[in-house]
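Written below as structure tokens is the structure these notes are about.
The values are calculated or read from the model by the stated rules, or taken from the named source; none is laboratory data. Predicted model only: the values in this text are computed from it and were never measured. Every residue, glycine among them, receives a Cβ derived from its backbone with ideal geometry; neighbour counts consider all protein chains shown. Ligands, DNA and RNA are excluded from the accessible area calculation, which covers all protein heavy atoms including side chains. Shrake-Rupley method; radii C 1.70, N 1.55, O 1.52, S 1.80 Å.
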Amino acid sequence: MPAGICGTWDIISNVNFEGYMIALGISPYLRKIALKLKLKKVIEQHGDLYVVKTVSAFRNYTISFRVGQEFEEFTQGLDNRHVKSLVTWEGNKLICEQIGEKRNRGWAHWVEDDKLHLELYCEGEICKQVFKKNVAE
Ligand code: YOG
């Protein structure tokens, strides 16, 4: 798979994070904090189990899943909703559908030009984040 999705990645750009957070109903106070964070992704694979950690100085958020196996996700510390999530491969993209109260919710990850790309979707809003590999960690 995406050759080299595993590792520690540091955010280098973040477009329309605000719009995504508004679509999730995040308060102005938390949005202001979140917009200042230098997010990291730590992605590990243990056998067929993927672990994706979003790490920041404020809060961390971790999911683990097997591709093609639906799982219950509780977005604790984010918007605190329960969704049914399913991650699949579509070509070189790892795609997650998050079925729940919010329409058209999910994300897509892929590696391109040594960068980790992430699109976050919610109710028509698209946040685009790009990460560079942290070679020190
Ligand atoms: O990642 O779904 O990589 O789970 C998006 C935050 C900010 C809290 C981060 C804490 C959405 C206040 C996870 C940020 C905004 C704002 C660090 C995105 C919600 C609350 C945890 C995501 C996937 C794909 C893996």
Got at least one residue in the stretch 11-21 being exposed (fewer than 13 other Cβ atoms within 10 Å of the Cβ), charged (D, E, K, R) and either more than 9 Å from the ligand (Cβ to nearest atom) or farther than 21 Å from residue 121 by Cβ (or both)? no
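So, in the stretch 60-99, exactly how many residues are aliphatic (A, V, I, L, M) and over 21 Å from residue 117 (Cβ atoms)? Spell out how you get there, then give the answer.
Restricting attention to the stretch 60-99, the residues satisfying the condition of being aliphatic (A, V, I, L, M) are 63, 67, 78, 83, 86-87, 94-95, 99.
In the following step, the residues that additionally are over 21 Å from residue 117 (Cβ atoms) were identified as 83, 99.
Total meeting the criteria: 2.
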When every residue in the stretch 28-41 that is in contact (Cβ under 8 Å) with a residue 12 or more places away in the chain and not aliphatic (A, V, I, L, M) is compared, the one least open to solvent (accessible area, probe 1.4 Å) is 41
Reported set for the stretch 79-137 where residues are among the charged types (D, E, K, R), out of contact with any helix residue (DSSP H, G or I) (no Cβ under 8 Å at 6 or more places or on another chain), over 18 Å from residue 66 (Cβ atoms) and part of a strand (DSSP E or B) is 112, 115, 119, 128, 132, 133
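Restricting to the stretch 82-109, what's the tally of residues that are among the hydrophobic types (A, V, I, L, M, F, W, C) and more than 11 Å from the chain's Cα centre (by Cα)? Break it down stepwise before answering.
So in the stretch 82-109, the residues among the hydrophobic types (A, V, I, L, M, F, W, C) come out as 83, 86-87, 89, 94-96, 99, 107-108.
Narrowing further to those that are more than 11 Å from the chain's Cα centre (by Cα): 83, 86-87, 89, 99.
Result for the stretch 82-109: 5.
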Note on residue 1: of the conditions (1) open to solvent by 30 Å² or more (accessible area, probe 1.4 Å); (2) out of contact with any Lys or Arg (no Cβ under 6 Å at 6 or more places or on another chain); (3) at pLDDT 95 or above, unmet is (3)
Selection over the stretch 71-88 where residues are closer than 21 Å to residue 5 by Cβ and surrounded by 13 or more Cβ atoms within 10 Å (Cβ to Cβ) yields a count of 5
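When the residues of the stretch 42-59 are filtered to those that are closer than 17 Å to residue 118 by Cα and within 6 Å of the ligand (Cβ to nearest atom), which remaining residue is surrounded by the fewest Cβ atoms within 10 Å (Cβ to Cβ)? Before the answer, list the steps.
From the stretch 42-59, those closer than 17 Å to residue 118 by Cα are 42-44, 50-56; that's our starting set.
This time we only want the ones that are within 6 Å of the ligand (Cβ to nearest atom), so: 52, 54, 56.
Details: 52: 21, 54: 19, 56: 15.
Top of the filtered list is 56.
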